[in-house]
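Visitor: For reference, the structure I am asking about is given below.
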Amino acid sequence: MAKVPPLAFGSALAIALLVSITVAVTIGPADIRFEEVWRSIGSHVGIGASPLTELRDGIVWQLRLPRVLTAAAVGAGLALSGAVMQAITRNPLADPYLLGLSSGAALGAVSVLLLGAAVLLPFAAFVGALLALTLTLLLAGSLGTITPSRTVLAGIAVSALASAITSFVIFWSVTGDSYREVLSWLLGSLSGARWPAVAITVVAIIVIGIPMMLTGRLLDSFAFGDVQAASLGVNVSATRWGLLAASALVTGAMVSVSGSIGFVGLILPHAVRLLVGPGHRALLPLSALLGAVFLVWADTLARTLFDPREIPVGIVTAMIGAPIFAFLLTRRRSST
């Protein structure tokens, strides 16, 4: 298959993201046109006046826009973390969920939800992801030298343990309507995303995600193994630990506002790799862009597909991601 030039693909994705964000804001019960979205945004940053009534302007600025921007940032963060983990572990099935990060974040978040301290949810999810990663690496290290396969196996064990504890806590403690709140969070939902969620996710992308995107050359050196990377002058251990910790931080920040959303970090790096090739200098930023576009539309489907009812966005990503992943597996098998 002929590869797509990365610069052209990146430009197309950037335009698609801008258009997707604008169109997604227009979709909903209130009839809001494309140009009204930008004029409303402009009025809030001091450029011109909003053409919308106060109520419709609130729908754009207070409800839809922060939700769509959060979806874009979460999609970018999860896809970027997945691409980095697949490179570091040299495992094409690696993603933020494989190393127990998501399950750890879920355990932390569910715990504070049940304690009635929802205000601490982002912090708890963040700490849960970090603890899960620490346990995974400690367990992998206890088996001997930390190798990609041992790290993945340890991650599966930690993920299973965290999921079991989460299930037990829910079974033992949840009563009444809190079942719906916890279940919605576990299946992934952006319905409560407002400007604080935008701030958390965008800051995580800028402070941690962008430096991660600049490590493409380092990750390319891992493609042929640790010995080859070391022979190229790479500090293998420091690079691996540093990037795994960065991935945990990004994942924790994203999961803290969105809940558990699967398949984004798994399939989108594969799709980009299929189109532009395996080089990580292009793969990392393009995966982030494609992840942003993908989750904007997945969330739009989640809130409109069965309107007026809304389904968790994690269901939509799984329904889209599972057949795509099966296709990619079939294609990979036929090419080997």
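The values are calculated or read from the model by the stated rules, or taken from the named source; none is laboratory data. None of these values were measured; they are calculated from a predicted model. When we count neighbours, we look across all protein chains shown, and the Cβ atoms used for this are built from the backbone with ideal geometry, even at glycine. Ligands, DNA and RNA are stripped out before the accessible areas are found, and what is left, the full protein with its side chains, is counted by its heavy atoms. Shrake-Rupley method; radii C 1.70, N 1.55, O 1.52, S 1.80 Å.
Visitor: Could you tell me which residue of segment 141-159 is most open to solvent (accessible area, probe 1.4 Å), considering only residues that are of a type in the set (A, V, I, L, M) and in contact with a helix residue (DSSP H, G or I) (Cβ under 8 Å, 6 or more places away or on another chain)? I'd like the intermediate steps shown before the answer.
Guide: Taking segment 141-159 as the starting set, the residues that turn out to be of a type in the set (A, V, I, L, M) are 143, 146, 152-154, 156-158.
The next check asks that each one be in contact with a helix residue (DSSP H, G or I) (Cβ under 8 Å, 6 or more places away or on another chain); those that pass are 143, 146, 152-154, 157-158.
On the way: Leu143: 99, Ile146: 40, Val152: 14, Leu153: 116, Ala154: 3, Ala157: 50, Val158: 15 Å².
By that ranking, first place goes to Leu153.
Yes or no, residue by residue, for (1) over 26 Å from Ser256 (Cβ atoms); (2) at pLDDT below 85:
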| position | (1), (2) |
| --- | --- |
| Leu7 | yes, no |
| Asp31 | yes, yes |
| Phe34 | yes, no |
| Pro51 | yes, yes |
| Ile59 | no, no |
| Thr70 | no, no |
| Gly75 | no, no |
| Leu80 | no, no |
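Visitor: Answer yes if at least one residue in segment 47-66 is closer than 30 Å to Leu284 by Cβ, touching a Leu at 6+ places or on another chain (Cβ under 9 Å) and of a type outside the set (Ser, Thr, Tyr), and no otherwise.
Guide: Keep residues of segment 47-66 that are closer than 30 Å to Leu284 by Cβ, which gives 64-66.
Next cut, touching a Leu at 6+ places or on another chain (Cβ under 9 Å) only: none.
There is no residue in segment 47-66 that is closer than 30 Å to Leu284 by Cβ, touching a Leu at 6+ places or on another chain (Cβ under 9 Å) and of a type outside the set (Ser, Thr, Tyr).
Visitor: Any residue that is more than 20 Å from Arg303 (Cα to Cα) and not aliphatic (A, V, I, L, M) - is there at least one of those in segment 15-35?
Guide: yes
Visitor: Evaluate segment 87-97: report whether one residue or more is modelled with pLDDT of 90 or more and aromatic (Phe, Trp, Tyr).
Guide: Just the residues of segment 87-97 that are modelled with pLDDT of 90 or more, to begin with: none.
No, every residue in segment 87-97 fails to be modelled with pLDDT of 90 or more and aromatic (Phe, Trp, Tyr).
Visitor: Any residue in segment 258-281 that is crowded, with 22+ Cβ neighbours inside 10 Å, touching a Lys or Arg at 6+ places or on another chain (Cβ under 8 Å), in contact (Cβ under 8 Å) with a residue 40 or more places away in the chain and not aliphatic (A, V, I, L, M)?
Guide: yes
Visitor: Let me ask another. Residue check, Ala246 against (1) in contact (Cβ under 8 Å) with a residue 12 or more places away in the chain; (2) open to solvent by 20 Å² or more (accessible area, probe 1.4 Å), all met but one. Which one?
Guide: (2)
Visitor: Something else about it: If Phe294 meets every condition in (1) modelled with pLDDT of 90 or more; (2) more than 16 Å from Ala24 (Cβ to Cβ); (3) aromatic (Phe, Trp, Tyr) apart from one, which number is that one?
Guide: (2)
Visitor: Which numbered condition in (1) at pLDDT below 75; (2) loosely packed, with under 15 Cβ neighbours inside 10 Å; (3) more than 26 Å from Phe325 (Cβ to Cβ) is the only one that Leu113 fails?
Guide: (2)
Visitor: Whether any residue in segment 194-215 is touching a helix residue (DSSP H, G or I) at 6+ places or on another chain (Cβ under 6 Å) and modelled with pLDDT under 85 is what I want to check.
Guide: From segment 194-215, those touching a helix residue (DSSP H, G or I) at 6+ places or on another chain (Cβ under 6 Å) are 194-195, 197-198, 200-202, 204-205, 208-209, 212-213; that's our starting set.
Filter once more, so that each one left must be modelled with pLDDT under 85: none.
No: zero hits.
Visitor: Among the residues of segment 128-140, count how many are open to solvent by less than 50 Å² (accessible area, probe 1.4 Å) and β-branched (Val, Ile, Thr).
Guide: So in segment 128-140, the residues open to solvent by less than 50 Å² (accessible area, probe 1.4 Å) come out as 128-129, 132-133, 136-137, 140.
If we keep only those that are β-branched (Val, Ile, Thr) as well, we get 136.
Selection size over segment 128-140: 1.
Visitor: Filter segment 75-110 down to the residues that are more than 20 Å from Gly209 (Cβ to Cβ), of a type in the set (A, V, I, L, M) and surrounded by 24 or more Cβ atoms within 10 Å (Cβ to Cβ) and list them by number.
Guide: Ala106, Leu107, Ala109, Val110, listed by residue number.
Visitor: Count, please, the residues in segment 1-34 that happen to be part of a helix (DSSP H, G or I) and either open to solvent by 80 Å² or more (accessible area, probe 1.4 Å) or charged (D, E, K, R) (or both).
Guide: Here is the first cut: in segment 1-34, the ones part of a helix (DSSP H, G or I) are 6-26, 34.
Now drop any that are not either open to solvent by 80 Å² or more (accessible area, probe 1.4 Å) or charged (D, E, K, R) (or both), which leaves 7, 15, 18, 34.
Counting residues in segment 1-34 that are part of a helix (DSSP H, G or I) and either open to solvent by 80 Å² or more (accessible area, probe 1.4 Å) or charged (D, E, K, R) (or both) gives 4.
Visitor: Next question. Taking only pairs six or more apart or across chains, which ones have beta-carbon atoms under 8 Å, a first residue in segment 46-66 that is open to solvent by less than 30 Å² (accessible area, probe 1.4 Å), and a second residue that is part of a loop (DSSP other than H, G, I, E, B)?
Guide: The qualifying pairs are Leu52/Ile32; Asp57/Ser50; Val60/Ile32; Val60/Leu52; Arg64/Gly28; Pro66/Ala193; Pro66/Arg194.
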